[in-house]
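Comments concern the structure below.
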Amino acid sequence: MSYSKNMGSGRTGIWNTGNPLVMLIVLQVIFFITLNFIKSIYTFSSLADEAFYRNIYHWSILPADPAKFITRPWTIVTMMFAELKTLTVISNLIWLWTFGYLVQDLLGNDKIIPLYVYSAFAAGIVFMLAANLAFGGQTAGMFFNGAASAVMGLAVAAATLSPGYRFFPMIGGGIPLWIITTAYAVLQVAALGRQPVMLVPVAAAALVGYFFIRRVNEGKDPGAWMNQFFDWSANLFTPGKNNTGKFRNTSFYEKSGREPFVRKLNVTQQRVDALLDKINQSGYEQLTDEEKEFLKQASKKI
C-alpha cells in the first residue's frame with residue numbers, strides 16, 4: 001500500500017471552510033449589523049435618515065440606473081448581503097439555512113457558493129434590464145438588494161435535485177420538498193406583487209437554480225472555476241501556501257510489477273432500487289455513510 005503526504009501548511013483559507021453555508025449566514029449578519037450600526041450613528045447625531053441612505057446604503061445596493069452602476073460596480077456583489085429590516089433578515093436566514101443545507105448535503109460543500117452567487121448575479125442583471133425596459137430613464141430611485149433572489153435559486157435547485165425529499169417524516173409521512181419550495185415562491189410573489197418588475201429577477205434566479213442542477217446531473221461542474229479562483233485568492237494572502245500541491249509518495253509494498261489489490265463495488269439494481277425507496281420514505285439523511293457511498297459509486301457505473 002502507499003500514502004500521499006501533503007507538504008503544505010495545512011491551514012484553512014476563508015473560501016475553504018468546512019461549512020460554506022455558515023460563511024454565507026455570517027456575511028449576512030455582518031452586513032446587517034454594520035449597516036444598522038452606521039444608521040444608528042446618523043440617528044444619534046441628529047442627521048436625517050435620507051443622508052444615511054444617500055451616503056451609505058445606496059452605495060451597497062444595486063442601482064437600476066446604469067450611470068450610477070458604473071460609479072459603484074461592487075454593488076453587484078454587496079447587494080446580495082445588504083439588508084436593514086430585521087424581520088426580512090431573519091426570514092432570509094431561515095430559508096437560506098433550509099434550502100442551503102439540503103443543497104450542501106446532497107451535492108457537497110463546493111456547490112453552494114457558486115449557486116448562490118450565480119443566482120444573485122442573474123437576478124441583479126435581469127433587474128437592471130427589466131427596470132430600464134419598463135421605466136426608461138426614470139430609474140434614478142430604483143434599487144435592488146437582499147438575499148431573497150439567491151435563496152430562490154437554492155430553493156429551486158434543491159427541489160430539482162430531490163423533489164421527493166420530505167420534511168418532518170414522522171408527521172403523516174412528511175411534507176415533500178417541492179411543496180415547501182412552492183410555498184416559498186408564493187410568499188415571494190405575494191411580497192413583491194405591488195412591484196411586478198421585481199418578480200422578473202426572482203424568476204431569473206429560479207431558472208439559474210434549475211439549470212445549475214441540470215448541468216450537475218450531466219456530470220458538469222458549473223462552479224469549478226469559481227472555487228479554483230477563491231482558492232487561488234485565499235492562497236495569495238495565506239503565508240506558507242506557496243508549496244501547496246507538493247506531495248511526497250511513500251510506498252510500503254514491494255514493487256514487483258503487480259497491481260495492488262483494489263476493492264471493487266458490487267453494484268446491483270436491486271440494492272439501488274431499495275435505497276431509492278428508502279430515500280423516498282425517510283429522506284437522504286437517513287442513509288448510512290456506506291449507503292451514500294454506494295449510491296455515489298453506482299451513479300458512476302450507470
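To make sure I understand, if each residue's beta carbon is the centre and we count other beta carbons within 10 Å, what order do Lys296, Lys39, Lys111 fall in, fewest to most?
In increasing order of surrounding Cβ atoms, one gets Lys296, Lys39, Lys111.
Between Phe69 and Arg271, what FRET efficiency follows from the Cβ-Cβ distance if R0 is 45 Å, with the result rounded to 0.05?
Rounded to the nearest 0.05, the efficiency is 0.25.
Here are some pairs, Lys85/Lys111; Lys68/Lys220; Lys68/Lys111; Lys220/Lys292; Lys39/Lys111; which of them have Cα atoms lying more than 25 Å apart in this structure?
Over 25 Å apart, Cα to Cα: Lys85/Lys111; Lys68/Lys220; Lys68/Lys111; Lys39/Lys111.
With 10 angstrom as the radius, rank Phe52, Phe167, Phe144 by how many other C-beta atoms surround their C-beta, starting from the fewest.
Ascending Cβ contact count within 10 Å gives the list Phe167, Phe52, Phe144.
Run down the aspartates and glutamates and flag those whose C-alpha is under 12 Å from the C-alpha of Lys278, throwing out any fewer than 8 positions away in its chain.
In chain and number order, the partners are Glu291.
Provide Phe294, Phe212 in ascending order of the number of other Cβ atoms located within 10 Å of each residue's Cβ, fewest first.
Phe294, Phe212
Apply the Karplus curve 6.51 cos²θ - 1.76 cosθ + 1.60, θ = phi - 60°, to the phi angles in region 118-131 and return the couplings in whole Hz, x for Gly and Pro.
For region 118-131, the Karplus curve yields 4, 4, 5, 4, 4, 4, x, 5, 5, 4, 4, 5, 5, 5 Hz.
Rounded to whole Å and ordered largest first, report the semi-axes of the equivalent ellipsoid of region 26-226 derived from its Cα gyration tensor (root of 5λ).
Ellipsoid half-lengths, sorted descending, are 31, 20, 16 Å.
Which whole-Hz couplings ³J(HN,Hα) result when phi for each residue of region 75-85 is put into the Karplus expression 6.51 cos²θ - 1.76 cosθ + 1.60, θ = phi - 60°, listed in order with x for Gly and Pro?
Calculated HN-Hα couplings, in order: 5, 5, 9, 5, 5, 7, 10, 6, 7, 10, 7 Hz.
We did not get these values from a lab; they are worked out from the coordinates using the rules stated. Only a predicted model underlies this, so the values are computations on that prediction, with no experimental measurement involved. Backbone-built Cβ (ideal geometry, glycine too); neighbour counts: all protein chains shown.
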